[in-house]
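> This structure is in structure tokens; I'll ask about it shortly.
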Amino acid sequence: MTSIDELAMRSALADLVDNQPDAPVDRFDGVRRRHARRRRMQAATAAACAALAVAGVGIGVGLRPGHTSVTPAHRDVPSWALPWPEHRSASVPQPVLDGAVRAWRDRMYGEGAPSMYSPRKVIWYVAEPGVQKTQIAVVFEVERDDGDHRLVAGWLNDPANPQSSDNWSLYDVGAPDPHDRNLVISFYLEGADLQEPDNAFLVLTDPSHRTVVPSVPGQVPPVAQLDNGFAILPYGPLRHQLHLALSSGRGPDVPVGVVGLADAPDSQVPALEPPAELVGVPQSRMLSEASGAGDEVGFNESPPAERGRTVIYARCYGGPSLDVTVDSQTSAAVTIPCDDQQHVVDGPALLPGGDKSYEAHSGGPGHSTEITAGTLVAWRVAVVTR
Amino acid sequence: MDRDARAGFAEFVGARGQALQRTAYLLTSDWALAEDLVQTSLARAYPRWQWISGDDPEAYVRRVLVNTWSSWWRRRWRGEVSTGELPEHAAPDAFASADRRGALRDALARLPKRQRAIVVLRYHEDMSEAQVADLLGISVGTVKSQASRALAKLRDDAALTGYGMALPLGGD
């Protein structure tokens, strides 16, 4: 590449930011408000997830077999544990493992939980860093002090800070049958990957299985090699759940269901490819705009002076329909058919002064938009004023 | 966070906020969204300030900013919280420069996210290939190849034809 291109690029980018507006006078206050709101939301999330699984965000991970130490297959473990080898990178220090166990207990049962939830014994299966060095995947089993056995799987979003439970996204399910030869532990490593929209998933199974076949309807399935029954596999954009089959090279493939943990539905949901862009949305009258999947609430802290009726632009796929509710007016919710076509429909009038029910969480007045959809429904929605 | 750390953080926001907003704008093409991104990133850095302030806090915040932006395709509500007024400055050559900037903005938006991040970090932030690779968690070779592809795309982009005349993109 010629240097003149690079010089031109530098000049062009400088030109592009030449009309930067003045700094907002309350930027620091805005940051502090967001921090406070983030803490409240994290606390709410932790409380809501105390019963079962926790879904979170992280970054895609790739298999790095060269860095992994693998214990011998069918190692000596208690009868309730899986006799599979341990895949642990030498680069993952002990504090990360300790942090995972502590985060599991704190996030699943709350800090200061009764001692019955304390781990009596921990069997490790996976502790592997991600390709982008910003994530560590873990899988382990725990015997609690009350004798219950749990399988814990998930990832650390910030390897530099494993002590903070907030940095962990963990699923907690009952320990599986250790004698099931076709048992597969898998889950998506959801995250802020720069390759959009991307999926990566972890597979852990009996080391006798050499390959795994992930597939979606209408596509020729690739075959992925396992390293002693383990792999972290990038997959790319998805519009459906991913099905897995085991292949040993002898006999037909054995279907084992969708990627994800059987008792943790959130772990079975991939990052869905967003529907196509909405067209013709009047930007000057935009109230809120987003793409996503499943239920979501957006709160727009625009001046509450916004008023009048709304128009909703939406496109979705993956389910029969979704509902859009503006300012918590559930009786005036708008239903959009999920046929992957753009729909433009009249929405309700905004509430004067904004949606008070969200104000307490957001730190200021504004208008809310709530999407109610199945977890496998991907959508784009824009709400504009008329 | 103690009083000194809080003061240090406030000082950092005041000193570097505008620079971060410029980077955010080149990633988002929207000044309000850029401010949203900056505040979100700073809010994430805030609770860790005591640990990161002694090292290179701007590098940390920039990393958070890029990672946050890269995750916005799925979960972002436009105009969620933008504090303060963001007045646009009227440029003397308003029409010509608006067309030129619009074309470049559109062309940047057509780049894959990773290429766009590399372009912004490499040619706006003036980071080395190694620094970009470290921030994005990719190899230096990938940075080189992706930067090269991005520049080629921008050079060949029809929307940049007018702009290319003003700035010799692709000229040898």
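The values are calculated or read from the model by the stated rules, or taken from the named source; none is laboratory data. Worth saying up front: this structure is predicted, and the values here are computed from it rather than measured. Note: ideal-geometry Cβ built from the backbone for every residue, glycine included; neighbour counts use all protein chains shown.
> Of everything in the range B:119-139 that's modelled with pLDDT of 90 or more and within 9 Å of chain A (Cβ to nearest Cβ), which residue is nearest to the chain's Cα centre (by Cα)?
Ranking the qualifying residues of the range B:119-139, first place goes to B:VAL120.
A quick yes/no check of all residues on (1) modelled with pLDDT of 90 or more; (2) surrounded by fewer than 20 Cβ atoms within 10 Å (Cβ to Cβ); (3) touching a His at 6+ places or on another chain (Cβ under 7 Å); (4) over 18 Å from A:ARG210 (Cβ atoms):
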| residue | (1), (2), (3), (4) |
| --- | --- |
| A:SER248 | no, yes, yes, no |
| A:ASP253 | no, yes, no, no |
| A:ALA262 | no, yes, no, yes |
| A:VAL269 | no, no, no, yes |
| A:GLY280 | yes, yes, no, yes |
| A:GLN283 | no, yes, no, yes |
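> In addition: So which residues in the range A:248-298 are within 27 Å of A:LEU151 (Cα to Cα), away from chain B (no Cβ under 14 Å) and of a type outside the set (A, V, I, L, M), if there are any at all?
A:SER248, A:ASP253, A:PRO255, A:GLY257, A:GLY260, A:ASP263, A:PRO265, A:ASP266, A:SER267, A:GLN268
> May I pose another question? Sort out which residues of the range A:208-224 are surrounded by 13 or more Cβ atoms within 10 Å (Cβ to Cβ) and within 14 Å of A:VAL259 (Cβ to Cβ), and write them in order of number.
A:VAL212, A:VAL213, A:PRO214, A:SER215, A:VAL216, A:PRO221, A:ALA224 - these are the residues of the range A:208-224 that are surrounded by 13 or more Cβ atoms within 10 Å (Cβ to Cβ) and within 14 Å of A:VAL259 (Cβ to Cβ).
> If you take just the strands (runs of 3 or more DSSP E) that sit entirely in the range A:203-310, which of them hold at least 1 residues that are closer than 18 Å to A:PHE187 by Cα? It would help to see each step written out before you state the result.
On the way: elements: A:211-215, A:230-234, A:243-247, A:254-258, A:286-293, A:296-300.
Answer list for the range A:203-310: A:211-215, A:230-234, A:243-247, A:254-258, A:286-293.
> Assigned to a loop (DSSP other than H, G, I, E, B), within 8 Å of chain B (Cβ to nearest Cβ), modelled with pLDDT of 60 or more and surrounded by 15 or more Cβ atoms within 10 Å (Cβ to Cβ): is that true of A:ALA12 in this structure? Steps first, answer last, please.
Values: assigned to a loop (DSSP other than H, G, I, E, B): no; within 8 Å of chain B (Cβ to nearest Cβ): yes; modelled with pLDDT of 60 or more: yes; surrounded by 15 or more Cβ atoms within 10 Å (Cβ to Cβ): yes.
The answer is no for A:ALA12.
> Looking at A:ARG315, is it in the same structural domain as A:VAL297 (by TED's automatic domain parsing), part of a strand (DSSP E or B) and of a type in the set (Lys, Arg)? Spell out how you get there, then give the answer.
Details: in the same structural domain as A:VAL297 (by TED's automatic domain parsing): yes; part of a strand (DSSP E or B): yes; of a type in the set (Lys, Arg): yes.
Judged against the criteria, A:ARG315 is a match.
> Also, quick follow-up: Cβ-Cβ under 7 Å, sequence separation 6+ or interchain: first residue in the range B:51-65 and away from chain A (no Cβ under 13 Å), partner of a type in the set (Ser, Thr, Tyr). Which pairs?
Matching pairs, first to second residue: B:ARG62/B:THR23.
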